[in-house]
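Q: One structure is given below, represented as structure tokens, and several questions about it will come after.
The values are calculated or read from the model by the stated rules, or taken from the named source; none is laboratory data. From a predicted model like this one, the values you see are computed outputs, not experimental measurements. Methodologically, a virtual Cβ is constructed for each residue, glycine included, from the backbone with ideal geometry; neighbour enumeration extends over all protein chains shown.
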Number of protein chains: 2
Amino acid sequence: MGRTAIDLDADEIVDAALVILREQGLDAVSMRTVSGALGVSPVPLYRRVGTKDDLLAAMLQRLLSGVAPRRRTGEAWQAYARRWTVALLGALESTRDLRRLVGARQDDTAREPFVEASRPLVDGLRDAGFATDEAVQATRLLIWATVGHVMVGAGRTDTAAPANGRGANGRVANGRARRRPGGDPARLSRREADALFRVHVDYVLDGIERAHEGGTP
Amino acid sequence: MGRTAIDLDADEIVDAALVILREQGLDAVSMRTVSGALGVSPVPLYRRVGTKDDLLAAMLQRLLSGVAPRRRTGEAWQAYARRWTVALLGALESTRDLRRLVGARQDDTAREPFVEASRPLVDGLRDAGFATDEAVQATRLLIWATVGHVMVGAGRTDTAAPANGRGANGRVANGRARRRPGGDPARLSRREADALFRVHVDYVLDGIERAHEGGTP
DNA sequence: ACCTGAACACCGTTCAAGT
DNA sequence: ACCTGAACACCGTTCAAGT
């Protein structure tokens, strides 16, 4: 009844993997589960997307492609940069197990998807009078600020259920996790963390602006 | 010949795991290899350090504990903050597979080790007249800047050998990795990335300084 | 009480047959 | 050519015996 393995293309595989990621978390994404969802054996995946590592890279790429919002006519570069950054943050935070996905890559191509996603911002900055390398560097700072926030930012108290792939064991780290009794001042709510993120972005934008004005002959 | 399993404590286990991490990479760190290196079965590890996830957390904690440099008498807070940030970056960059280690945690405690490591900086800022939450927030920004840089920063061209745990397969991602022919302007050398990282830190410090001066009654 | 050996239910990846 | 089934060499974690 129609569908044979030969119809498969890489995009479908990535799609299937993202569905599993969303519904069951990263631990549930395996070459077997993904191929199973597509009704094939794991082998064809190696022809279409390469290694599992490559699959993870493609998933991240897909997640970040198209995050850049459209520029508005007459919009100041600062405003667009802010919107771009918020959009990137939103895409990252809405992805289950995103932190682990970003960290998972074995090689050094972890930033490739971010570079792709930032192309419109680079273009926007250049249109605003930035030199190419100036625009690229400014974009990098914003990426770093965003990724750092996501990787080590406030915990998401709204993400229910542990959902740890293999058999729930309620075990808790013993011994070494000495938590301050007096209440740790470094614990931020999601709202506070978001506000602080915007502060970070503003500081970076201020710095970029000053350097731009001072550095352009 | 003394050594029985009962001598084991959590620190030794973390040490052994870190040796394997350094020498063979994160893929080689398993409950079996770590326990094997210690001459025990995997079971005792679960009593001492908990899950593999807990072990990874403890490894990161260890790696970051003691990164904070000592404060110098009469040192301006900006100077100390800069040194602290560079020390953190150094610790992160010198750790094999660090990106994957940071990303590996399943729960939301990924930032705990960073909070621990930043305690001296928070203290330093408070001694310089910052309110506690002001100091904590400033520290967070610096952590985000550093972690973002590490997670998605320039590739390390100096880290030789792929060393991908299970049987070298030289396979290359096929198809989807369309690399710009014209030379990607977003490709930075290590030196450039380091310089840009310092720029980022300076921007953040500038912002913190201005907010501090403007916000203190 | 706390160990070990064996087991369970998985992995990523490859290979020999099949069509 | 390109698939499938089976296999290889692992995983994390748990459990029944042992001492």
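Q: I need a count of the residues in the stretch B:28-53 that are within 8 Å of DNA strand D (Cβ to nearest atom), out of contact with any helix residue (DSSP H, G or I) (no Cβ under 7 Å at 6 or more places or on another chain) and part of a helix (DSSP H, G or I).
A: Number satisfying all stated conditions: 4.
Q: Another question, if that's okay. Is it true that some residue in the stretch A:88-111 is over 30 Å from B:G148 (Cα atoms) and either more than 16 Å from the chain's Cα centre (by Cα) or not basic (K, R) (or both)? Can you show your working first?
A: Kept after step one, since they are over 30 Å from B:G148 (Cα atoms), are these residues of the stretch A:88-111: none.
No, the stretch A:88-111 contains no residue that is over 30 Å from B:G148 (Cα atoms) and either more than 16 Å from the chain's Cα centre (by Cα) or not basic (K, R) (or both).
Q: Then there's this: Report whether or not A:E12 is part of a helix (DSSP H, G or I), more than 11 Å from chain B (Cβ to nearest Cβ), more than 15 Å from DNA strand C (Cβ to nearest atom) and farther than 27 Å from A:I143 by Cβ. Give the steps one after another, and end with the answer.
A: On the way: part of a helix (DSSP H, G or I): yes; more than 11 Å from chain B (Cβ to nearest Cβ): yes; more than 15 Å from DNA strand C (Cβ to nearest atom): yes; farther than 27 Å from A:I143 by Cβ: yes.
Yes.
Q: Sort out which residues of the stretch A:13-32 are among the polar types (S, T, N, Q) and crowded, with 16+ Cβ neighbours inside 10 Å, and write them in order of number. Working first, answer last.
A: To start, the set of residues in the stretch A:13-32 that are among the polar types (S, T, N, Q) comprises A:24, A:30.
Once the filter is applied, which keeps residues that are among the polar types (S, T, N, Q) and crowded, with 16+ Cβ neighbours inside 10 Å, the stretch A:13-32 yields only A:S30.
Q: Which one is nearest to DNA strand C (Cβ to nearest atom) among residues in the stretch A:60-87 that are in a helix (DSSP H, G or I) and within 17 Å of A:R105 (Cβ to Cβ)?
A: Taking the stretch A:60-87 first, the residues in a helix (DSSP H, G or I) are A:60-64, A:77-87.
Keeping just the survivors that are within 17 Å of A:R105 (Cβ to Cβ) gives A:60-64.
Working: A:L60: 16, A:Q61: 17, A:R62: 18, A:L63: 18, A:L64: 22 Å.
So, considering only residues that are in a helix (DSSP H, G or I) and within 17 Å of A:R105 (Cβ to Cβ), the one nearest to DNA strand C (Cβ to nearest atom) is A:L60.
Q: Name the single residue that is nearest to A:I143 (Cα to Cα) among those in the stretch B:126-136 being within 11 Å of another protein chain (Cβ to nearest Cβ) and surrounded by fewer than 24 Cβ atoms within 10 Å (Cβ to Cβ). Spell out how you get there, then give the answer.
A: Residues of the stretch B:126-136 that are within 11 Å of another protein chain (Cβ to nearest Cβ), as a first pass: B:126, B:131-136.
When the remaining residues are screened for being surrounded by fewer than 24 Cβ atoms within 10 Å (Cβ to Cβ), the result is B:126, B:131-134, B:136.
Working: B:R126: 29, B:A131: 29, B:T132: 28, B:D133: 25, B:E134: 24, B:V136: 22 Å.
Result: B:V136.
Q: Does any residue in the stretch A:36-50 that is under 15 Å from A:A10 (Cβ atoms) come within less than 7 Å, Cβ to Cβ, of a residue that is more than 8 Å from DNA strand D (Cβ to nearest atom) and assigned to a loop (DSSP other than H, G, I, E, B) six or more places away or on a different chain, and which pairs are these?
A: What qualifies is A:R48/A:D9; A:G50/B:R171; A:G50/B:A173; A:G50/B:N174.
Q: Within the stretch B:172-181, is there a residue that is at pLDDT below 90, part of a loop (DSSP other than H, G, I, E, B) and either among the hydroxyl-bearing types (S, T, Y) or within 21 Å of A:I208 (Cβ to Cβ) (or both)? Break it down stepwise before answering.
A: Going residue by residue through the stretch B:172-181, those that are at pLDDT below 90 are B:172-181.
Next, only the ones that are part of a loop (DSSP other than H, G, I, E, B) stay: B:172-181.
Retained after the next criterion (residues that are either among the hydroxyl-bearing types (S, T, Y) or within 21 Å of A:I208 (Cβ to Cβ) (or both)): none.
No, that holds for no residue.
Q: Taking the conditions exactly as written (farther than 28 Å from B:K52 by Cβ, modelled with pLDDT of 95 or more and either within 23 Å of the chain's Cα centre (by Cα) or near DNA strand D (Cβ under 10 Å from one of its atoms) (or both)), does A:L8 satisfy them or not? Before the answer, list the steps.
A: Values: farther than 28 Å from B:K52 by Cβ: yes; modelled with pLDDT of 95 or more: no; either within 23 Å of the chain's Cα centre (by Cα) or near DNA strand D (Cβ under 10 Å from one of its atoms) (or both): yes.
Judged against the criteria, A:L8 is not a match.
Q: When you scan the stretch B:18-59, how many residues do you find that are basic (K, R), within 13 Å of chain A (Cβ to nearest Cβ) and within 12 Å of DNA strand C (Cβ to nearest atom)? Walk me through how you get there before you give the answer.
A: From the stretch B:18-59, those basic (K, R) are B:22, B:32, B:47-48, B:52; that's our starting set.
Then drop every residue that is not within 13 Å of chain A (Cβ to nearest Cβ), which leaves B:47-48, B:52.
When the remaining residues are screened for being within 12 Å of DNA strand C (Cβ to nearest atom), the result is B:47-48.
Total satisfying the criteria: 2.
Q: Do we find a residue being among the aromatic types (F, W, Y) and not assigned by TED's automatic domain parsing to the domain that holds B:W144 anywhere in the stretch B:38-52? Walk me through how you get there before you give the answer.
A: So in the stretch B:38-52, the residues among the aromatic types (F, W, Y) come out as B:46.
Now drop any that are not not assigned by TED's automatic domain parsing to the domain that holds B:W144, which leaves B:46.
Checked against the condition, which is being among the aromatic types (F, W, Y) and not assigned by TED's automatic domain parsing to the domain that holds B:W144, the stretch B:38-52 yields at least one hit.
Q: Ok, one more. Return a yes/no flag: does the stretch B:88-97 have any residue that is within 16 Å of DNA strand C (Cβ to nearest atom) and not assigned by TED's automatic domain parsing to the domain that holds B:P120. Please lay out each step first, then the result.
A: Just the residues of the stretch B:88-97 that are within 16 Å of DNA strand C (Cβ to nearest atom), to begin with: B:97.
Retained after the next criterion (residues that are not assigned by TED's automatic domain parsing to the domain that holds B:P120): none.
Scanning the stretch B:88-97 turns up no residue that is within 16 Å of DNA strand C (Cβ to nearest atom) and not assigned by TED's automatic domain parsing to the domain that holds B:P120.
Q: For the stretch B:91-113, indicate whether the set of residues that are at positive phi, touching a residue at least 60 places away in the same chain (Cβ under 8 Å) and buried (at least 20 other Cβ atoms within 10 Å of the Cβ) is non-empty.
A: Looking through the stretch B:91-113, at least one residue is at positive phi, touching a residue at least 60 places away in the same chain (Cβ under 8 Å) and buried (at least 20 other Cβ atoms within 10 Å of the Cβ).
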